[in-house]
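S.K.: Let me begin by handing over the structure; questions about it come next.
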Amino acid sequence: MTGDEDRPPIIRLSHVHHAYGRYQALTDLSFEILKNELAFICGPSGAGKTTLLKLLYAEARPARGEIAIDGTRLEDIPRTGLPLLRRKFGVIFQDYKLIPGRSVFENIALVLEAAGHRRALIPKRVLNVLRTVAMDHHAGTLPVQLSGGEQQRVAVARAVVGDPKIILADEPTGNLDEASARAVMDLLQAAYIRGATVVIATHDKAFIRRMGGRILHLKQGRLEAFERVEKHHDHTAL
Ligand SMILES: Nc1ncnc2c1ncn2[C@@H]1O[C@H](COP(=O)(O)OP(=O)(O)O)[C@@H](O)[C@H]1O
Ligand SMILES: [Mg+2]
């Protein structure tokens, strides 16, 4: 393995603050996440995990401080440049955000269409990714007809299908049973192995031990500590 110093940061925060009205949600965050790093954002409910992810893909702008993604400062990107920026990201939202009027298949195909993939190749790719989350039999189903866990799996498939540079996952195993949670972890791990930078907000300790990586501990909007966790080899999963 090469040292971390060889890899450039793909995410860089410098003295970032964010507030909702008078409520200070994030305070003075400065850190870097390197290219092809696997990073976990941990902290209790209300710590600011979702807010931090929103700032990274520019759904919200920080009240103060600077964020750079892949070498570009977000403040330098005009509103019209946001779609191009967002194409770098695959995002798994805490509340999934699937498009309600579209089938599972269409929800995922749209990502590939927007990225300009050749139409003829899209169906195969969509079905392949649905198979990895055991949702291919629901290709024609509408999101409202799915359970929370099933929507979660579709959201994960959608986030990884376009092979984005950066994957942001907001509590991606929050609503899942053990088997589905493992399928999701495996998919995120596969994206990481392919070279993506993967940032996961979670308090699922089993998840972190299974994957290994760096933990950023958030508490009441402040970065409390960094921790490195070695991948724990799970001999029960054969
Ligand atoms: N849209 C909002 N308006 C007002 N307060 C918010 C909003 N979103 C989040 N907050 C508050 O900011 C804090 C951090 O929220 P959030 O980032 O969702 O935390 P987490 O994802 O770690 O649970 C919480 O106290 C929450 O109530
Ligand atoms: Mg949250």
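S.K.: Any residue in region 152-180 that's within 16 Å of ligand 2 (Cβ to nearest atom): show its pairings with residues that are among the acidic types (D, E) at Cβ separation under 6 Å, as long as the two are six or more apart or on different chains.
M.R.: Close Cβ pairs satisfying both conditions: T173/D204.
S.K.: Here is a follow-up. Exactly one of these conditions fails for L146: (1) out of contact with any His (no Cβ under 7 Å at 6 or more places or on another chain); (2) over 27 Å from I69 (Cβ atoms). Give me its number.
M.R.: Going through (1) out of contact with any His (no Cβ under 7 Å at 6 or more places or on another chain); (2) over 27 Å from I69 (Cβ atoms) one by one, L146 breaks only (1).
S.K.: Any residue at all in region 195-211 that is within 20 Å of V126 (Cα to Cα) and in contact with a Ser or Thr (Cβ under 7 Å, 6 or more places away or on another chain)?
M.R.: Looking for residues that are within 20 Å of V126 (Cα to Cα) and in contact with a Ser or Thr (Cβ under 7 Å, 6 or more places away or on another chain), one finds none in region 195-211, hence no.
S.K.: Report the residue count in region 112-150 for those that are at negative phi and either surrounded by 22 or more Cβ atoms within 10 Å (Cβ to Cβ) or in a loop (DSSP other than H, G, I, E, B) (or both).
M.R.: Counting residues in region 112-150 that are at negative phi and either surrounded by 22 or more Cβ atoms within 10 Å (Cβ to Cβ) or in a loop (DSSP other than H, G, I, E, B) (or both) gives 14.
S.K.: Determine whether A190 is in contact (Cβ under 8 Å) with a residue 24 or more places away in the chain, under 15 Å from the mean Cα position of the chain (by Cα) and within 16 Å of ligand 2 (Cβ to nearest atom).
M.R.: In short, no.
S.K.: For region 1-35, give me each residue that is surrounded by fewer than 19 Cβ atoms within 10 Å (Cβ to Cβ), at pLDDT 95 or above and of a type in the set (A, V, I, L, M, F, W, C).
M.R.: Of everything in region 1-35, those that are surrounded by fewer than 19 Cβ atoms within 10 Å (Cβ to Cβ), at pLDDT 95 or above and of a type in the set (A, V, I, L, M, F, W, C) turn out to be A19, F31, L34.
S.K.: While we're looking at this one, here's another question. With respect to G174, determine if the residue is small (G, A, S), within 16 Å of ligand 1 (Cβ to nearest atom) and within 21 Å of I99 (Cα to Cα).
M.R.: When the stated conditions are applied, G174 passes them.
S.K.: What is the number of the single condition among (1) on the phi > 0 side of the Ramachandran plot; (2) without any contact (Cβ under 8 Å) to a residue 24 or more places away in the chain; (3) in contact with a strand residue (DSSP E or B) (Cβ under 8 Å, 6 or more places away or on another chain) that G21 does not meet?
M.R.: (3)
S.K.: Among the residues of region 36-47, which ones are within 14 Å of the chain's Cα centre (by Cα) and either buried (at least 17 other Cβ atoms within 10 Å of the Cβ) or more than 18 Å from K165 (Cβ to Cβ) (or both)?
M.R.: Within region 36-47, E37, L38, A39, F40, I41, C42 meet the criteria.
S.K.: Also, I was wondering about something else. Under the condition of being of a type in the set (K, R) and in a loop (DSSP other than H, G, I, E, B), which residue from region 48-101 is surrounded by the fewest Cβ atoms within 10 Å (Cβ to Cβ)?
M.R.: The extreme case among them is R61.
S.K.: Which of the residues spanning region 165-194 are part of a loop (DSSP other than H, G, I, E, B) and under 24 Å from S30 (Cα atoms)?
M.R.: Selection gives K165, E171.
S.K.: Against the conditions (1) crowded, with 19+ Cβ neighbours inside 10 Å; (2) modelled with pLDDT of 95 or more; (3) of a type outside the set (K, R), where does P172 fall short? Just the number, please.
M.R.: Tallying (1) crowded, with 19+ Cβ neighbours inside 10 Å; (2) modelled with pLDDT of 95 or more; (3) of a type outside the set (K, R), P172 fails exactly one: (2).
The values are calculated or read from the model by the stated rules, or taken from the named source; none is laboratory data. From a predicted model like this one, the values you see are computed outputs, not experimental measurements. Note that each Cβ is placed from the backbone with ideal geometry, even for glycine, and that neighbours are counted across all protein chains shown.
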